Amino acid sequence: MNGMFFALLGASLATALAGIGSAKGVGSAAQTAMGVLSEDSSKFGKMLVLTLLPGTQGLYGFIVGFLILVSCGVLGGAMPTMGQGLAFCAASLAIGLGGLFSGIAQGKAAVSGIAMTAKDDANFSKGMVSVTLVEIYALLAFIVSLLVVIQIPSLKI
């Protein structure tokens, strides 16, 4: 028996969970931004930036999922052992869960930043800082998943 099932499960979890977090975050921010734009379309650029930021988690999850597929023989590489497959699955949880929760939290921060910017354009940078602070935790989860996934093919497990 090989670890292909668990490697594919890991790729799916990384991509799906982080994607759900981004979809919820971007969706919340977009709803608020559309309300602002219905009143003042000149704020489109600022609204777009704040709306896009929660989408990065889905991208991070996709990258980890893609690297797993490349490493486990689906898009190249060798068939993983059972230990490697379980390791791929475990590695995917950092960005999967980190992306899920940080995407939702970043969407909430973006909604607040959008509301602040709607009242006064001078508040845009304050909103950006707050939204970006949440991004740090998505990046940390991504880096952990990425570093582990890169090392798994060389592990003798």
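Only the coordinates and a few stated rules stand behind these numbers; no lab work does. Treat the numbers as computed from the prediction; the structure is a model and nothing was measured. Counting neighbours? That spans all protein chains shown, and the Cβs are built from the backbone with ideal geometry, glycine included.
Tabulated values for the structure
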item	result
Loop-located trypsin sites (Lys or Arg not before Pro) in segment 73-157, at most 16 other Cβ atoms within 10 Å (DSSP)	Lys156
Partners for Lys43 among lysines (Cα-Cα distance below 17 Å; same-chain residues under 8 apart left out)	Lys119, Lys126
Fluctuation leader among Gln57, Gln84, Gln31 - the chain, Gaussian network, Cα springs under 10 angstrom	Gln31
Between segment 125-153 and segment 1-69, the alpha-carbon center distance in angstrom	13 Å
For Val64, Val26, order by how many other beta-carbon atoms lie within 10 Å, fewest first	Val26, Val64
FRET efficiency, Val70 to Val144 (Cβ-Cβ, R0 25 Å, nearest 0.05)	0.85
Table column - 3J(HN,Hα) (Hz), segment 90-107, Karplus curve with 6.51, -1.76, 1.60, x for Gly and Pro	5, 4, 6, 5, 4, 6, x, 6, x, x, 4, 6, 6, x, 5, 5, 5, x
D_trans [Stokes-Einstein, Kirkwood Rh over alpha-carbon pairs] for segment 4-154, 10 °C, 1.306 mPa s, µm² s⁻¹	101 µm²/s
